[in-house]
Every structure is written in C-alpha cells, then in structure tokens.
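Structure first, commentary second.
The values are calculated or read from the model by the stated rules, or taken from the named source; none is laboratory data. No experiment lies behind these values; they were computed from the predicted model shown. Positions of Cβ are backbone-derived with ideal geometry, glycine not excepted, and every protein chain shown enters the neighbour counts. Surface accessibility is based on the protein's heavy atoms, side chains included, excluding ligands, DNA and RNA. Shrake-Rupley method; radii C 1.70, N 1.55, O 1.52, S 1.80 Å.
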Amino acid sequence: MSAKRIDNPAAASGPQENNEFVTMTISGQLFGIPVLGVQDVLGPQAITRIPLAPAEVAGTLNLRGRIVTAIDVRKRLRLPERDADGKGMSIVVDHAGELYSLMIDSVGEVLKLPADRFERNPATLDPLWREVSAGVYRLEKQLLVVLDVDQLVNFKKAEAA
C-alpha cells in the first residue's frame, strides 16, 4: 500500500469538522503534524551518526529496541543551527513502516482547528517549505505550517535541490 500526498488534511479526516495537530516550534516558527501521525514525544536522546548519510539525517537512536532514523528538521528546512546549549526534543512519526525522530526545538500543545480554516500554502512561503507543507492555518498571532511527513522524510527531492 503506497502513501499518497493529501493536499487537505480535512479531506483525509472525512466528515469531521475539526483537525487535530501536535504543535512544535523550530527557530521561532510554529509547525503542526496531524496528531494521528505522532507515535511518541522524546526529550534529548543519544544519537549515533551514520557515515555518508544526507546532512539532514542526524543519525539513529534506539527506541525500545527499534532503530529510529533521526532527522534534523532545522537542516531539512535550511534554518540556522540550534544554539549549543539548546537541547531540543523529538517527535517520532511512522512513514511506510519505518520510524523517524523529527528533531525540533520544542513541542507545544494539541490544537483542534476547524477544517474550513485550512488554507493552501501561500505563494510567499519559501519554495522548500512548500514542498514539505500540506498547507497552513492563520492563527491569531502566527502562522501554523502543517508539515507533510511523507514529503519531509523524502530525501530524493532534497538531494536533487
């Protein structure tokens, strides 16, 4: 069974009128991942580097006996490096039966947002971000960028860039 890109998470959730997202912050920007895609939330972890891996792959970690690929989302989105004293967190997601640990700055709350407020990516959104974003929600004081995990862990496109 192959994964398909969903342009509107509201369409994926069927007749529901709300979508739930785990929010996270990376370099001051608010992002969200559909709550049903989140397997675990982790604090700082010991990561083993992988020689010759793409720059975005920080390495691997052991999560209850499973090997998990750690993705540095800052590098994937071409954001500045985290401060040396910043420990960060990770959100574990499943993609095609493999676990990925998305390294981020902090995890926020679970937001339930009306499906009818979901918007396509704005034209002004960075082209790289558009590739990994399913769309956005305009919140009261900031923009929530909804990450498309399938695209985020797709390194074939990232390597071609």
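Details
- For the range 12-148, with +1 on Lys and Arg beta carbons and -1 on Asp and Glu, the positive-most of P54, A96, V73 along the dipole: P54
- Exposure check, 1.4 Å probe, all protein chains in place: F31 carries approximately 0 Å² of accessible surface.
- Phi-derived couplings, Karplus 6.51 cos²θ - 1.76 cosθ + 1.60 at θ = phi - 60°, listed residue by residue for the range 24-29: 8, 10, 9, 6, x, 9 Hz, with x used for Gly and Pro.
- Among K112, K141, the sequence by solvent-accessible area, most first, with a 1.4 Å probe is K141, K112.
- A simple charge model with +1 on the Cβ of Lys and Arg, -1 on the Cβ of Asp and Glu and nothing else charged puts the dipole of the range 26-129 at about 160 debye relative to its Cα centre.
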